[in-house]
1. Can you list the residues, at least 5 places off or on another chain, whose amide H is less than 5 Å from the amide H of LEU33, using H built in the peptide plane?
2. Which order do TRP112, TRP163 take when ranked by solvent-accessible area (1.4 Å probe, heavy atoms of all protein chains), largest first?
3. Just the number please: accessible area per residue for the stretch 37-97, 1.4 Å probe, all protein chains included, in Å².
4. Rg to Rh for the stretch 65-115: what is it, with Cα atoms only and Rh by Kirkwood?
5. Quick one: divide the alpha-carbon radius of gyration of the stretch 99-144 by 2.2 N^0.38 Å and tell me what you get.
6. Of the accessible area of the chain, with the probe set at 1.4 angstrom, what percent is carbon plus sulfur?
7. Report the Cα centroid-to-centroid distance between the stretch 54-86 and the stretch 105-152 in angstrom, as an integer.
8. Residue by residue through the stretch 7-20, which ³J(HN,Hα) values in whole Hz follow from phi under the Karplus form 6.51 cos²θ - 1.76 cosθ + 1.60 (θ = phi - 60°), with glycine and proline marked x?
Amino acid sequence: MDNALAFSAPSERNKQPILEALRPLLPAPGRALEIASGTGQHVAWFATHLPRWRWQPTDLTDELFASITARCAALPNVQPPQRLDVCATPWLDAEARFELVYCANMLHIAPWACCAGLMQGSARHLAPAGRLVTYGPYLEDEVPTAESNLAFDAGLRARDPAWGLRRREDVAQEAQRAGLRLATRLALPANNLLLVWERAS
Ligand SMILES: C[S@@+](CC[C@H](N)C(=O)[O-])C[C@H]1O[C@@H](n2cnc3c(N)ncnc32)[C@H](O)[C@@H]1O
């Protein structure tokens with residue numbers, strides 16, 4: 001791979017476990033919107049292995065769009081990356097609908113208001129039976145937090161007091177306000193969770 005491409009070692013490690021968790025959720029063809037695409041490693045991997053899905057990568061800024069574009073150059077099922085701020089309304093275009101909204105590792109590296117933005121925007125843009133999938137480290141009331149996640153949380157808060165690991169229960173409350181509910185919680189390697197959110201009714 002071209003060394004000039006932006007690269008994330010954690011993304012490289014977690015893309016296959018996430019793909020395995022996504023597969024049973026995505027049996028039929030559909031449209032997927034990726035929020036906070038970063039380097040594009042996830043979207044390139046998923047689009048390669050789930051070719052019947054049409055993927056739209058996005059991010060807050062276009063800083064890494066060259067990497068996303070280069071990684072996805074040979075993938076006809078990936079649209080050019082677009083700028084998308086989860087707190088903005090609408091996302092892309094008011095009529096846009098997706099069977100999957102996928103967002104990895106954003107909630108803890110963004111202000112808390114982005115959680116409401118993610119939930120409200122997903123509720124607006126998910127197709128009727130669509131799902132929001134979030135992935136990353138969380139705090140959970142009933143589950144002891146791994147030392148590595150506590151250290152990660154402290155490091156994030158030192159970098160920016162508005163950042164930090166989120167309580168899954170707080171995220172669920174924002175989901176509920178948007179009309180979504182937690183349908184599935186999967187524990188993935190390295191103390192990360194994959195959470196599947198659906199419409200509450
Ligand atoms: C740690 S990176 C995660 C990248 C990729 N999803 C991954 O898991 O490797 C955090 C991402 O969140 C994005 N982000 C932060 N605030 C955002 C916002 N308001 N709307 C959309 N994306 C945002 C950043 O631009 C960055 O790409």
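The values are calculated or read from the model by the stated rules, or taken from the named source; none is laboratory data. Predicted model only: the values in this text are computed from it and were never measured. For neighbour counting, all protein chains shown are included, and Cβ atoms are generated from backbone atoms with ideal geometry for every residue, glycine included. With ligands, DNA and RNA removed, areas are computed over all heavy atoms of the protein, side chains included. Shrake-Rupley method; radii C 1.70, N 1.55, O 1.52, S 1.80 Å.
1. Under 5 Å from the amide H of LEU33 lie the amide H atoms of GLN56, LEU100, VAL101, TYR102, each far enough along the sequence or on another chain.
2. Numbers: TRP112 90, TRP163 45 Å².
Reading off the accessible areas and sorting them downward yields TRP112, TRP163.
3. On the way: 3040 Å² over 61 residues.
Counting only protein heavy atoms, the per-residue value for the stretch 37-97 is 50 Å².
4. Numbers: Rg = 13.0 Å, Rh = 13.2 Å.
On the Cα set of the stretch 65-115, Rg over Rh gives 0.99.
5. Values: Rg = 11.9 Å, N = 46, 2.2 N^0.38 = 9.4 Å.
In units of the 2.2 N^0.38 Å rule of thumb, it is 1.26.
6. Details: 5280 of 9650 Å².
Solvent-exposed carbon and sulfur of the chain make up 55 percent of the total.
7. 21 Å
8. For the stretch 7-20, the Karplus curve yields 9, 10, 5, x, 4, 5, 6, 8, 5, 6, x, 5, 4, 5 Hz.
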